[in-house]
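One structure, pasted below without further comment.
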Amino acid sequence: MSSAAYAWQNVPGRPGEIVPQNKATSPGAAGAPPAPAPEAPGFGGLIPLLVVIPMIIFLFLNSRSQQKKAQKMLAELKKGDRVLTQGGIVGKLLEVGDRYAKVEIAPGVKIEVVKSGLLGKDSPETAANVDQKK
């Protein structure tokens, strides 16, 4: 590539190569300064905010309502209820602690699951909710 190709781009050439500077493109050239870029209308930066902020608020409120529903469901569980876990395991609830719950999945077979891993009571309503999430 010739050194003239670099002159209009105002990019230095290869090491050791002398690139002639065009007076009109050199940074210290006398003459009129380059015209400033035209500014966008006043609402140019506001429109993306008007779209994004309501979406963030909606997502925040939606996650809060889901969290409240899950807490309510966990508070309603009692010892002896037939429960469904997120892993699809069905069993009888033996006890609920602060973080874990003990579930008996077969006679004499007890497992500990994280409380948040319980979907709720095993009922047709719970099955419909699980199918709806898919």
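The values are calculated or read from the model by the stated rules, or taken from the named source; none is laboratory data. Here the structure is a predicted model, which is why all the values come from computation and not from measurement. All Cβ positions, even for glycine, are placed from backbone atoms using ideal geometry, and neighbour counts span all protein chains on display. Just the protein is used for accessible areas: all its heavy atoms, side chains included, with ligands, DNA and RNA removed. Shrake-Rupley method; radii C 1.70, N 1.55, O 1.52, S 1.80 Å.
Apply the Karplus curve 6.51 cos²θ - 1.76 cosθ + 1.60, θ = phi - 60°, to the phi angles in region 97-109 and return the couplings in whole Hz, x for Gly and Pro.
Karplus values, whole Hz, x for Gly and Pro: x, 5, 10, 10, 10, 9, 10, 9, 9, 7, x, x, 10.
Pop a pseudo-label 7 angstrom from the Cα along the beta-carbon direction at both VAL90 and LEU46 and give the gap in nm to one decimal.
5.7 nm
In what sequence, largest accessible area first, do ASP98, ASP122, ASP81 appear using a 1.4 Å probe?
On the way: ASP98 155, ASP122 55, ASP81 25 Å².
Descending order: ASP98, ASP122, ASP81.
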